[in-house]
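In what follows, a structure is listed as structure tokens, so that the remarks can point back to it.
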Amino acid sequence: MATSVMSMIEEFGRQVEESAGPAVRQQVMRGSARATSGLEPTSLWVRGAVERLERLAGEQTAIAVMEACGANCARVNHGLIARAKARRARHASEEAFLAAEADDPEGGTRLEQDGHVLYQTYTPRTYTQNMRCYCALLSDLPPDVALPGTYCHCSKAFVRTFWEEVLERPVTVELLQSAVSGSDVCRFRITPRSTAG
């Protein structure tokens with residue numbers, strides 16, 4: 001666990017410094033060396049770090065940091081995207097692919113369609129083990145602890161990167177529910193943009 005978690009924490013720190021400068025990074029990252037001593041301590045450290053980031057740099061900068069982390073996570077975990085693109089290639093149309101994804105979603109997810117809009121739901125509490133988030137940094141967040149919604153802009157950017165690559169066109173993503181901010185699930189509205197024009 002430590003290597004993966006530490007690399008994720010280091011990436012978070014790099015994004016904080018890039019967006020808010022070295023002085024803010026130093027304060028936000030306080031105690032990060034001890035953050036890999038176990039899953040729950042990691043999750044609690046992340047909560048404090050995001051709260052410090054919001055307080056010191058403001059909500060918009062915190063959102064930018066988390067979105068950069070999410071896009072990086074999608075690059076690191078590109079195998080998920082590659083497998084989805086391979087599934088897409090087996091279907092004659094985007095519509096057929098999306099129908100198949102809705103009928104047989106990846107474990108721990110659901111996909112629904114309403115016209116051209118997709119709704120993707122993450123169900124971490126029902127996955128192979130009861131967890132709060134699929135992110136290794138928050139998988140063992142205690143049930144009575146909530147995080148600022150800012151953190152979930154990481155997942156929002158991951159979802160956007162995933163669907164833009166799979167559908168090969170821009171999408172907009174809206175976070176509707178968050179499992180680390182009080183809901184049992186994470187739910188996203190994904191609106192693919194038209195390729196016409």
Which whole-Hz ³J(HN,Hα) couplings does the stretch 43-57 yield from phi under the Karplus relation 6.51 cos²θ - 1.76 cosθ + 1.60, θ = phi - 60°, glycine and proline marked x? 4, 5, 5, 4, 4, x, 5, 5, 5, 5, 4, 4, 5, 7, 10
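Between rounded, prolate and oblate, where does the chain land on the alpha carbon gyration tensor, with a ≥ b ≥ c its root eigenvalues, rounded for a/c under 1.5, else prolate if a/b exceeds b/c? All intermediate terms of the calculation are to be shown ahead of the outcome.
On the way: a/c = 2.04, a/b = 1.66, b/c = 1.23.
In terms of gyration-tensor shape, prolate.
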With +1 assigned to the C-beta of every Lys and Arg and -1 to the C-beta of every Asp and Glu, and no other charges, what is the dipole magnitude of the stretch 2-192 about the Cα centre in debye, to the nearest 20? 380 debye
Connecting every pair of Cα atoms under 10 Å apart in the chain and solving the GNM, the largest mean-square fluctuation among 102, 64, 89 falls on 89
For the stretch 93-102, Karplus-derived ³J(HN,Hα) couplings (6.51, -1.76, 1.60; θ = phi - 60°; whole Hz; x for glycine and proline) come out as 9, 4, 4, 5, 4, 5, 5, 5, 5, 5
For the stretch 161-172, in order, what is each residue's ³J(HN,Hα) by Karplus, 6.51 cos²θ - 1.76 cosθ + 1.60 with θ = phi - 60°, in whole Hz (x at glycine and Pro)? 4, 4, 6, 5, 6, 5, 8, 6, 6, x, 9, 10
Roughly speaking, what is the centre-to-centre gap between the stretch 142-197 and the stretch 1-79 when only Cα atoms are used, to the nearest Å? 18 Å
Rounded to the nearest 500, what is the 222 nm mean residue ellipticity of the chain from helices alone, with -39500 (n - 2.57) per DSSP H run of 4+ residues and division by all residues? -16500 deg cm²/dmol
Would you work out which of 21, 46, 150 lies farthest towards the positive end of the dipole of the stretch 2-192, given +1 charges on the beta-carbon of Lys and Arg and -1 on that of Asp and Glu, about the Cα centre? 21
Rounded to the nearest 10 degrees, the helix 78-89 long axis (Cα) sits at an angle to the longest Cα principal axis of the chain of 10 degrees
List the residues whose amide H sits under 5 Å from the amide H of residue 181, counting only those 5 or more places along or on another chain, with H placed 1.01 Å from N in the peptide plane. 147
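All of the numbers you see were taken from the coordinates with simple rules; none came from a lab. Since the model is a prediction, treat every value here as computed from it, not as a measurement. Cβ: placed from backbone, ideal geometry, glycine included. Neighbour counts: every protein chain shown.
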